[in-house]
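Here is the structure we will look at, set down as structure tokens.
Only the coordinates and a few stated rules stand behind these numbers; no lab work does. Since the structure is predicted, the reported quantities are computational estimates derived from the model, not experimental observations. Heads up, the Cβs are rebuilt from the backbone with ideal geometry, glycines too, and the neighbour counts pull from every protein chain shown.
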């Protein structure tokens, strides 16, 4: 408790890696009472009151957390004898640039966990990576972030898996989106639909098929609920189209029925590929279903 006059503040800091200390903006240091807020920014005198004695680890330290088997042995293996209902996974940022490899190692992770827990088909829910980096004015020909999201989508062919996307929740300068609540809400919906079989819309629209129609593509989606719609604006954004020259142009897109979108561009008279939200930061892509869940990114080509 504080009293009138001079006070001393004791802060206990525990840090198990790197240097300890305060790391924040000055405005974030303050005391809050019921009636006022007192800034603690500025120069302070301090004294280390007590330093814990370091102690030996119970065993040899085994590499950083990026070394194979470290995280598994420390965080998963000890849980093997417990009963679980399923797993939720949000990871992939450190694998950007290795999308093809991720298809395989992510599949191996899921199947191995199911083997280790002796539950060969327990539900595995995961999050498709959020957008990152500056939004570009022109279509992005190559995006390693989009390729990683494609690798995540690839593993929906495994039984009892579900994916929610965070492409619209990203921060261009922060790899960890601040809107955790919406990510959690979407995961909860996916669990209600896929795990507990409740009558909710818990899955985002996903590419089902395409058909070429003159100078346009007709794109058909599954998981639309009662129908596709546009989020926030009257203009559908995020679609790109290209011809034999492999040069993509922003496309005009319109919803033509509850599960289909017509896509075209005046620069492309003979289209060969259509993409949606295929960029590092596709934050303005705005196709959603009746449950207000954003459509999964996709491409119909495998061009480099």
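Between residue 119 and residue 12, the modelled label-to-label distance comes to 3.5 nm, taking each label 7 Å out from Cα in the direction of the beta carbon.
Listing 75, 163 from fewest to most neighbouring C-beta atoms within 10 Å gives 75, 163.
Axis angle, to the nearest 10 degrees, between helix 144-154 and the longest C-alpha principal axis of the chain: 80 degrees.
Relative to the longest principal axis of the Cα atoms of the chain, the long axis of helix 180-194 lies at roughly 60 degrees.
Taking every DSSP helix (H) stretch of at least 4 residues in the chain, weighting each as -39,500 (n - 2.57) and dividing the sum by the residue count yields a mean residue ellipticity at 222 nm of -4500 deg cm²/dmol. Start at zero, step by 10 Å, and the Cα-Cα distances of the range 70-194 spread as 12, 40, 36, 10, 2, 0 percent across the bins. Percentage of Cα-Cα pair distances in the chain greater than 33 Å, rounded to whole percent? Counting pairs separated by more than 33 Å, the tail of P(r) holds 42 percent.
The C-alpha atoms of the chain define a longest principal axis, and helix 99-116 lies at about 60 degrees to it.
Once the Cβ-Cβ distance of residue 80 and residue 302 is raised to the sixth power relative to R0 = 45 Å, the FRET efficiency obtained is 0.70.
On the basis of the beta-carbon distance and an R0 of 51 Å, residue 98 and residue 4 show a calculated FRET efficiency of 0.25. Among 43, 300, a tally of other beta-carbon atoms within 10 Å of each Cβ gives an order, fewest to most, of 43, 300. Here the residues 111, 161, 10, ranked from fewest to most Cβ neighbours within 10 Å of their Cβ, fall in the order 10, 111, 161.
Given the Cα atoms of the range 206-299, and with Rh set as the inverse mean 1/r over their pairs in the Kirkwood sense, what is Rg to Rh to two decimals?
Ratio value, two decimals: 0.94.
Once the Cβ-Cβ distance of residue 257 and residue 172 is raised to the sixth power relative to R0 = 45 Å, the FRET efficiency obtained is 0.85.
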